[in-house]
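What follows is one structure encoded as structure tokens, with my remarks underneath.
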Amino acid sequence: MIDKELYKSFNDRLPIFFRSWWLDAVCEGGEWCAVAHQTGGEYDSVFVYFLKRKFGLKYIVMPPLTQFLGDYSFIDRELGQYKPISNYYIDQLPRTAFTSICMSHTFQYWSPYKWRGFDETLRYSLVIKDLTDLQTVSRNFEDSKQRNIRKASAKFKTAAGLSAADFYDFFEKNCGSKVEYSRPMFEKLHGECVNNDSGTIFYATDENSAVCGVLFVVWDNRSMYALTYSFDAEARKSGVGDLLMYEAMKLAAEKRLAFDFEGSMIENVEQSYRRFGSEPVSYHKISRANPLFRIINSVRPIY
């Protein structure tokens with residue numbers, strides 16, 4: 001295990017989801033752990049995971065609002081390096097009843113995990129990689145998206161900087177079910193993102209100055225991520241979600257970042273993101289469960 005003070009020194013080299021302040025905020029109800037690998041005395045990669053305990057069982061899962069963790073390399077890894085480095089990280093993992101980790105987009109070879117008993121699910125995020133010429137990008141939106149943005153622009157005002165408390169209140173009111181993360185966790189994460197110039201909340205208001213749509217985006221040195229959002233039912237029909245996404249893209253273009261919708265396995269959500277002209281980027285979800293966990297989880301869900 002790497003010392004967390006030393007790990008902090010890697011922050012500027014890491015995607016936002018790997019940064020120590022992000023992990024401190026989102027790893028509620030468990031602990032984040034980091035392992036590092038060296039080649040020739042230099043750190044070439046890290047492996048980060050979120051460890052939880054319940055009913056006397058240890059298990060590894062993804063923290064809320066976190067797209068990927070696992071193995072992240074600082075170097076362009078050659079194919080022959082994947083097996084020894086992967087085996088090193090697998091050997092460092094604690095014995096758990098269940099492990100499920102989404103690897104980053106840069107991790108492209110999962111076979112060593114298969115050879116050590118892991119299963120894999122290929123997942124996709126939807127990304128606009130180049131926003132340098134935003135006008136050209138927006139002309140490539142499907143007609144329905146362009147109409148929605150024009151219609152919503154005439155009806156709603158947009159701004160950035162909504163408070164975490166107001167976002168959570170709105171989200172809780174409109175999501176139709178219990179929010180999957182706590183208010184203290186979200187407020188801490190939002191505060192860390194703002195303090196580290198790595199996030200903001202876009203929002204739309206109607207003619208009565210009532211908030212009718214919210215979008216929380218975060219970013220690192222390469223990408224902006226549409227992390228989480230909510231819209232009221234009537235505003236959704238008016239295209240407010242598309243308008244907020246477009247406003248966020250403008251900020252990403254200013255910062256010269258890619259825009260990551262974060263994808264979805266829900267068909268209509270995926271189709272909506274694709275209509276912005278985004279393209280799929282694959283990543284691997286690796287998992288492993290022992291038979292006892294499968295039985296217990298089927299009777300009394302742990303995860």
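For LEU134 and ASP197, what is the calculated FRET efficiency with R₀ set at 22 Å and r taken between the beta-carbons, to the nearest 0.05?
0.55
For a paramagnetic label modelled at 7 Å from the Cα of TYR109 toward its Cβ, which residues of region 67-87 fall within the zone defined by backbone nitrogen distances under 19 Å?
70-87
Using the Karplus curve 6.51 cos²θ - 1.76 cosθ + 1.60 with θ = phi - 60°, what ³J(HN,Hα) values do you get for each residue of region 232-248, in whole Hz, with x for Gly and Pro?
Result, rounded to whole Hz: 6, 4, 5, 5, 4, 5, 8, x, 5, x, 5, 5, 5, 4, 5, 4, 5.
Less than 13 Å apart at the alpha-carbon level, and either on another chain or at least 8 residues along: which aspartates and glutamates does that give for LYS83?
By straight Cα distance, LYS83 reaches ASP71, ASP91.
Per residue of region 8-14, what does 6.51 cos²θ - 1.76 cosθ + 1.60 with θ = phi - 60° give for ³J(HN,Hα)? Whole Hz please, x for Gly and Pro, Karplus curve as stated.
Whole-Hz 3J(HN,Hα) from phi for region 8-14: 4, 5, 8, 3, 5, 9, 10.
Cβ under 10 Å from ALA165's Cβ, ALA165 left aside: what net charge do those residues give with Lys, Arg +1 and Asp, Glu -1?
In short, -2.
Once you order the gyration tensor axes a ≥ b ≥ c over the Cα atoms, which shape class does the chain get: rounded for a/c under 1.5, otherwise prolate or oblate by comparing a/b with b/c?
Note, shape of the chain comes out prolate.
How do CYS33, CYS212, CYS175 rank when sorted from fewest to most other Cβ atoms within 10 Å of their own Cβ?
CYS175, CYS33, CYS212
Considering only Cα-Cα distances, which of the following residue pairs are longer than 28 Å: LYS52/LYS237; LYS52/LYS188; LYS8/LYS250; LYS151/LYS188; LYS52/LYS129?
Too far apart for the 28 Å limit: LYS52/LYS237; LYS8/LYS250; LYS151/LYS188; LYS52/LYS129.
Would you please classify the overall shape of region 132-256 from the alpha carbon gyration tensor, given that a ≥ b ≥ c denote the square roots of the eigenvalues, rounded means a/c under 1.5, and beyond that prolate means a/b larger than b/c while oblate covers the rest?
Taking the square roots of the gyration eigenvalues as a ≥ b ≥ c, region 132-256 is oblate.
Among ASP242, ASP12, ASP260, determine the one that fluctuates most according to a GNM of the chain built with springs between C-alpha atoms less than 10 Å apart.
Comparing ASP242, ASP12, ASP260 in a Gaussian network model of the chain, the most mobile one is ASP12.
Can you tell me the FRET efficiency between VAL281 and ASN208 if r is taken as the Cβ-Cβ distance and R0 is 41 Å, rounded to the nearest 0.05?
Efficiency computed from Cβ-Cβ geometry: 0.55.
Residue by residue through region 255-268, which ³J(HN,Hα) values in whole Hz follow from phi under the Karplus form 6.51 cos²θ - 1.76 cosθ + 1.60 (θ = phi - 60°), with glycine and proline marked x?
8, 6, 10, 6, 10, 10, 6, 6, x, 6, 8, 7, 4, 5
Between ASP76 and GLU234, how many nm apart are label points set 7 Å from Cα along the C-beta direction?
5.5
Just need the relative contact order of the chain here, percent rounded to a whole number, with Cα pairs under 8 Å and 6+ apart.
23
Test of understanding: in a Gaussian network model of the chain with alpha carbons linked when under 10 Å, which of GLU267, GLU187, GLU247 would top the mean-square fluctuation ranking?
Looking only at GLU267, GLU187, GLU247, the biggest GNM fluctuation is shown by GLU267.
Quick note: the coordinates plus some simple rules give every number you see, no bench work behind them. For clarity, every value in this text was computed on a predicted model and none was experimentally measured. Because the Cβ atoms are built from the backbone with ideal geometry, glycine has one as well, and the counts that use them run over all protein chains shown.
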